[in-house]
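**Q** Sending over a structure as structure tokens; questions will come in a sec.
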Amino acid sequence: METRRIAAVLRDGQPDETVMVRGWVRTKRELKGFAFVEVNDGSALASLQVVLNADLQGYDAAIARINTGAAIAVGGTLVASQGKGQRIELQATSVNVYGEADPETYPLQKKRHSFEFLRTIGHLRARTNTLGAVFRVRNACATAVHRFFQKRGFLWVQTPIITTSDCEGAGELFTVTGLDLDKLPMAAGRVDFERDFFGRRAYLTVSGQLEAEVMALSFENVYTFGPTFRAENSNTSRHLAEFWMVEPEMAFCDLAGDADLAEEFLKYAFRTVLETCPEDMEFFNLRIDKSVLATAQNIIESEFARITYTEAIALLEKSGRAFEFPVEWGLDLQSEHERYLAEVCFQRPVIVTDYPVGIKAFYMRLNGDGITVAAMDVLAPKIGEIIGGSQREERYDVLDRRIRAAGMIPEDLWWYLELRRYGTVPHSGFGLGFERLIQFMTGMSNIRDVIPFPRAPQSADF
Ligand code: 4AD
Ligand code: MG
């Protein structure tokens, strides 16, 4: 008997076919002479309804062991379903219970659980409809990242997780130490933690950008896709200490080209997920946020707005809104400002460019006006900043000055500077927060619910 994934059975299964499925029991309903068991294997939102007749061999013993959460394999014949909501069901001829789940203690019950509660059972929450749908969408989107860039001839490069440079210069670094603190003698005070990675100072990377620039200056177009780390102790619904970033970097490309790529990528990602996970997306639209499908359509069809930071400040100033944070040329935009621009002013994503030099990182290219840099942020409704990028400073002298002005030491970045001495070229790139994209797509309000194992303050398990 052929073993099939439940998604395939639900989609293509025909009456009279014999199949075997495996998965975890969602519900059991015992009636006179038979029982209905819903089995889910994670391949689809929907479960397969299995009918176990009481005349099945070993029925009584098996049905007692089949409870919500149990792992089972069922073989049988597909039949057209009489019940509503499903086309096909499985009439069992054999059943094997792999692992039971005690109904007295199994924490997942048919009722809806809060996401806060589900975070306390991170080892089981993927068995719920919502988290299951999130992780399938996440998978589709991760695959779309590679397809999008590979189709365009970008080289996927792997940048280091342990690094000696602070790309963003924002002081949000986790220090890497090779020492086992528990084995340290009392002389700990004398240990120079800052130089402990084989005699050097090292951190977990906040961004693969600087290394991606190295590769772009050999391969023209590259991208990274991997975990990045920020030691920000912020308990917000859009920050993680460990998150995944997609970072393309393009030689011979200016800021406008960078913005074009960001817009194209977002449209592609939404299109792909709508095509590959339609049931999951409908589920989000029904249960999580009623604007999920309209938002997706809007992303695919609309042309993103593009304004400068200076224009954004003007829009915010004349909004008449009482924002919590001040609005003033020279200050960074807060998420309330970003959301106002995307949700109220434009009702679609907006790409804000040319921020003041004082609030952006050292590597962004200084504009002719001397007071702004060729930066861009893509702001999304409900999320705020989803992408941050820029044209990079390719002029040696200007970059050297910027590094010093940022309080950094040029010698530490000698290789980065040297790229500007040997074959320098205008180049640009951006970083897309992968979890923020998944939040945006699914309407999930907390970023901890779109990554399987969130790393954030108070996430102690795993
Ligand atoms: O704007 P950021 O800090 O930009 C960079 O790191 C650049 N070096 C990227 C580049 O040009 N290659 O971060 C980029 C994106 C943000 O727009 C946001 O979506 C996401 O990363 N991000 C976070 N996501 C989750 N948790 C956090 N703590 C995040 N910090 C940034
Ligand atoms: Mg940013």
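**Q** Among the candidates T143, T175, T130, T159, which residue alone is under 14 Å from S207 (Cβ atoms) and more than 16 Å from ligand 2 (Cβ to nearest atom)? Spell out the reasoning first.
**A** Values: T143 fails: under 14 Å from S207 (Cβ atoms); T175 fails: under 14 Å from S207 (Cβ atoms); T130 fails: under 14 Å from S207 (Cβ atoms).
Exactly one of T143, T175, T130, T159 is under 14 Å from S207 (Cβ atoms) and more than 16 Å from ligand 2 (Cβ to nearest atom), namely T159.
**Q** Test V74 against the criterion of being of a type outside the set (S, T, Y) and open to solvent by less than 20 Å² (accessible area, probe 1.4 Å), and give yes or no.
**A** yes
**Q** Still on this structure: What number of residues within the range 210-224 satisfy the criterion of being open to solvent by 10 Å² or more (accessible area, probe 1.4 Å) and within 20 Å of E172 (Cα to Cα)?
**A** Qualifying residue count for the region: 1.
**Q** Still on this structure: Please work out which one of (1) within 16 Å of ligand 1 (Cβ to nearest atom); (2) in contact with a His (Cβ under 8 Å, 6 or more places away or on another chain) is the condition D461 fails and give its number.
**A** Against the list (1) within 16 Å of ligand 1 (Cβ to nearest atom); (2) in contact with a His (Cβ under 8 Å, 6 or more places away or on another chain), D461 comes up short only on (1).
**Q** Please name all residue pairs, on different chains or six or more residues apart, with Cβ atoms under 8 Å, provided the first residue is in the range 223-240 and is under 13 Å from L432 (Cα atoms) and polar (S, T, N, Q) and the second residue is open to solvent by 50 Å² or more (accessible area, probe 1.4 Å) and within 11 Å of ligand 1 (Cβ to nearest atom).
**A** So the pair list comes out as T228/E242; T228/W244.
**Q** Looking only at the range 368-385, count how many residues are surrounded by fewer than 21 Cβ atoms within 10 Å (Cβ to Cβ) and near ligand 1 (Cβ under 9 Å from one of its atoms).
**A** Counting residues in the range 368-385 that are surrounded by fewer than 21 Cβ atoms within 10 Å (Cβ to Cβ) and near ligand 1 (Cβ under 9 Å from one of its atoms) gives 1.
**Q** Of the residues in the range 127-163, how many are open to solvent by 30 Å² or more (accessible area, probe 1.4 Å), away from ligand 1 (no atom under 16 Å from the Cβ) and assigned to a loop (DSSP other than H, G, I, E, B)?
**A** Looking only at that region, the number is 2.
**Q** Could you go through the range 302-321 and let me know if any residue there is closer than 19 Å to R136 by Cα, at pLDDT 95 or above and surrounded by fewer than 21 Cβ atoms within 10 Å (Cβ to Cβ).
**A** No.
**Q** When the residues of the range 231-271 are filtered to those that are in a helix (DSSP H, G or I) and open to solvent by less than 10 Å² (accessible area, probe 1.4 Å), which remaining residue is farthest from ligand 2 (Cβ to nearest atom)?
**A** Applying the filter and picking the extreme gives F270.
**Q** Let me ask something else. From the list E38, E30, E17, pick out the single residue that is over 30 Å from M281 (Cβ atoms) and open to solvent by 20 Å² or more (accessible area, probe 1.4 Å).
**A** Values: E38 fails: over 30 Å from M281 (Cβ atoms); E17 fails: over 30 Å from M281 (Cβ atoms).
When all the criteria are applied, what remains is E30.
**Q** From the list R404, R365, exactly one residue is over 22 Å from S291 (Cβ atoms) and either open to solvent by 60 Å² or more (accessible area, probe 1.4 Å) or in contact with a Gly (Cβ under 9 Å, 6 or more places away or on another chain) (or both). Which is it?
**A** Result: R404 is the single residue among R404, R365 that is over 22 Å from S291 (Cβ atoms) and either open to solvent by 60 Å² or more (accessible area, probe 1.4 Å) or in contact with a Gly (Cβ under 9 Å, 6 or more places away or on another chain) (or both).
**Q** For the range 407-423, which residues satisfy the criterion of being within 17 Å of D166 (Cα to Cα) and exposed (fewer than 13 other Cβ atoms within 10 Å of the Cβ)?
**A** Hits for the range 407-423 are G407, I409, E411, W414, W415.
**Q** Kindly indicate the residue of the range 424-438 that is more than 15 Å from ligand 2 (Cβ to nearest atom) and open to solvent by 10 Å² or more (accessible area, probe 1.4 Å) and also nearest to T295 (Cα to Cα) among those meeting that condition.
**A** P426
**Q** Filter the range 333-362 for residues that are open to solvent by less than 40 Å² (accessible area, probe 1.4 Å), within 12 Å of ligand 2 (Cβ to nearest atom) and in contact with a Leu (Cβ under 9 Å, 6 or more places away or on another chain) and give the result.
**A** Correct list: L333, E338, V352, Y355.
**Q** I've got another one for you. Residues of the range 353-383 being of a type outside the set (D, E, K, R) and closer than 23 Å to Y223 by Cα, which ones?
**A** Answer for the range 353-383, where residues must be of a type outside the set (D, E, K, R) and closer than 23 Å to Y223 by Cα: T353, A361, F362, Y363, M364, V373, A374, A375, M376, V378, L379, A380.
**Q** Those residues that are within 8 Å of ligand 1 (Cβ to nearest atom), among the hydrophobic types (A, V, I, L, M, F, W, C) and under 21 Å from H146 (Cβ atoms), I need them from the range 217-251; list them, please.
**A** F243, M245
**Q** Report, by residue number, each residue of the range 380-419 that is out of contact with any Asp or Glu (no Cβ under 6 Å at 6 or more places or on another chain) and among the small types (G, A, S).
**A** A380, S390, A405, A406, G407
The values are calculated or read from the model by the stated rules, or taken from the named source; none is laboratory data. Being a predicted model, the structure only gives us computed values, none of them experimental. All Cβ positions, even for glycine, are placed from backbone atoms using ideal geometry, and neighbour counts span all protein chains on display. Heavy atoms of the whole protein, side chains included, go into the accessibility calculation; ligands, DNA and RNA do not. Shrake-Rupley method; radii C 1.70, N 1.55, O 1.52, S 1.80 Å.
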